[in-house]
Every structure is written in structure tokens, then in C-alpha cells.
Amino acid sequence: MTTPEPQSPSPQPSEPVSKDRVYRSPAGMAGGVLVLALALWLGIDALVVGEGNTRWKAIAALLFLVPLVAAYTVRPAVFANEDRLRVRNPFRVIVLPWAEVASFRSAYSNEVFAEGGDKYQLWSIPVSLRGRKKAARREDRRAAGGAGRGRGMLGGMGQLQLGGRTDGAGSTAVEADGPVRAQGDKTMDELRELWEARKDAASSKGAVTVRWAYEIVVPVAVGAVGLAVLLGVG
């Protein structure tokens, strides 16, 4: 009598991995690329035509400036999925599971607070006071236009047609619902909604981790020390 071979367990389907929503500052990245291009152009020119210790100064300046400019312009980003928030700031990377997030705050900068009381700035989501004022003016115009349309409808019901009614900007009344917000404030609203929806989930628990970006810190420190020594020597 033969013993039946044990059947291997059927492979379990892997849990779907939530994709990150990435938030960056296009204006900051564009400005950073321009500054980096200018710094590289001047630095390479000094390396080619420079004499004496000018070349060493150019090397030290590039070692100091290029990582520093990239850290504040190109590097910052915020990554959010269903389990955690990952903040990549100029010199640190902070990972906060949603259960460890206490609140968000938007004032003169956008910030996230951890349950332990630590505060982390969201560098890639800048606050634009000009954008807030512009959004407020648009909201005022929209509210005034809505009041005017209401009076017009009361005075002439014959002009009302079936279908989507449009406002002065050409958008339907349904599309115009909700307050007008600046882009940075809308991004913070999205993060708050995701946090509220996922903060009690089992997969959103864990510890807050902070990692220093030594790939940025070390070159900047070496370049700063070398530049200071070369300028001091003359």
C-alpha cells in the first residue's frame, strides 16, 4: 500500500501593494535645475581655465554647492500610501506610519506632528500666501456669481434649461461645488483624508523612523571645510 504524497500548499495570492502618491514642488525643482546648471558651468569653466589653487577652490565649491542646492530643491518629496507617510527632506528621511501621525498643520509652512510630539516640516509642499489670496479672490467671485445666478433664476425662470448649468468660467454647477483652495492646501487636505481613513488600520501601525541623508551631509561638510581652508590660505 503506497502512502499518498502530501500535496504542497497552494500559493497564497500576495497582498496588493499600495502605490505611493508622490508630492513634489515643480517650481522648486525647476529652479534647482537652473541653479545647478549655472554652478556646474562656472565650476567647470574654473577647472579648465583656472590657475594655481583656483581649481582646488572650484572643486571644493562644487562639492559644497551641488549637494546643498540639490538637497533643498530637487531632493524634497512626500510619499504617501495606505500604510505610511514618508517625508524626504533636505537632510533627513522620516517614515511615519499613519497610526503614529497626530495631526497636520498648515500655517506659514506645512508640517506633520507625530504622536510623540515631534514636528517635521514638509519641504516639498510649500505654502504660497499669494496662492491662498488668489484662491480666496476666486472663491469670493464664485460666491458672488452664484448669488447673482440665484437672483437671475428667480427673475426669469424661463431661461432655466435642463442639463448641466455652467458658470462664467464654463464649468458646470456640479464642478463649481466646494471651496476654491490653493494647490498646497489641497494637497494637505488629501493627506488628512488619507490619514483619517487609514490611521486605525492594522497595517498602519509601527514606529517612526528617522534616517540622516549622509550622502548629502558628508559632501557638503567636506566641501565647506575644504573651501574654508583654501580661502584662509589664499
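The values are calculated or read from the model by the stated rules, or taken from the named source; none is laboratory data. This is a predicted model, so every value here is computed, not measured. When we count neighbours, we look across all protein chains shown, and the Cβ atoms used for this are built from the backbone with ideal geometry, even at glycine. SASA here: full protein model, heavy atoms, side chains in, ligands and nucleic acids out. Shrake-Rupley method; radii C 1.70, N 1.55, O 1.52, S 1.80 Å.
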Restraint check, Lys19/Lys205; Lys19/Lys186; Lys133/Lys199, Cα-Cα greater than 24 Å: Lys133/Lys199
Grab the beta carbon distance between Glu196 and Tyr108, set R0 = 22 Å, and tell me the FRET efficiency rounded to 0.05. 0.35
Placed amide H near Asn110: partners under 5 Å, 5+ positions off or other chain: Leu122, Val127
For Lys119, tell me the accessible area in Å² from a 1.4 Å probe, rounded to the nearest 10. 110
